[in-house]
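Visitor: So that we are looking at the same thing, I have put the structure below in structure tokens.
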């Protein structure tokens, strides 16, 4: 669906706060700002996660399979994982903005 929207990687790094995105419920570090990008979807998007802090859970609902992303520590629903050939890892972590908060670098 969003495959035809180009990512300007140079522009993507401009005007972006640096730090770590934490789970809004329990504070577990989930994503690095270095792996955040503008996917043109309206959702915070990342191409990787930190350590083993993001759990993947296969969903088979509404007649289709999806990969649900959960905080490994508290189980908060973070969003979904999609294939995306535009990223270095070929996946896009599509995240609910309310499920994360940025801890800026000092």
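All of the numbers you see were taken from the coordinates with simple rules; none came from a lab. Bear in mind the structure is a predicted one, so any value in this text is a computation, not a measurement. Using ideal geometry, Cβ is built from the backbone for each residue, glycine included, and neighbour counts are taken over all protein chains shown.
Visitor: According to the square roots a ≥ b ≥ c of the eigenvalues of the Cα gyration tensor, what is the shape class of region 14-104, taking rounded for a/c under 1.5, prolate for a/b larger than b/c otherwise, and oblate for the remainder?
Guide: Numbers: a/c = 1.83, a/b = 1.18, b/c = 1.55.
Here region 14-104 falls in the oblate category.
Visitor: Cβ neighbours within 10 Å, averaged per peptide: list 87-97, 56-66, 28-38 in order, most packed at the top.
Guide: On the way: 87-97: 17.3, 56-66: 9.4, 28-38: 18.9.
Order by mean packing, descending: 28-38, 87-97, 56-66.
Visitor: Per DSSP H run of at least 4 residues, take -39500 (n - 2.57); add these up for the chain, divide by its residues and hand me the 222 nm value, nearest 500 deg cm²/dmol.
Guide: On the way: 1 runs with 4 residues, N = 106.
Taking each H run of at least 4 residues, the total per residue is -500 deg cm²/dmol.
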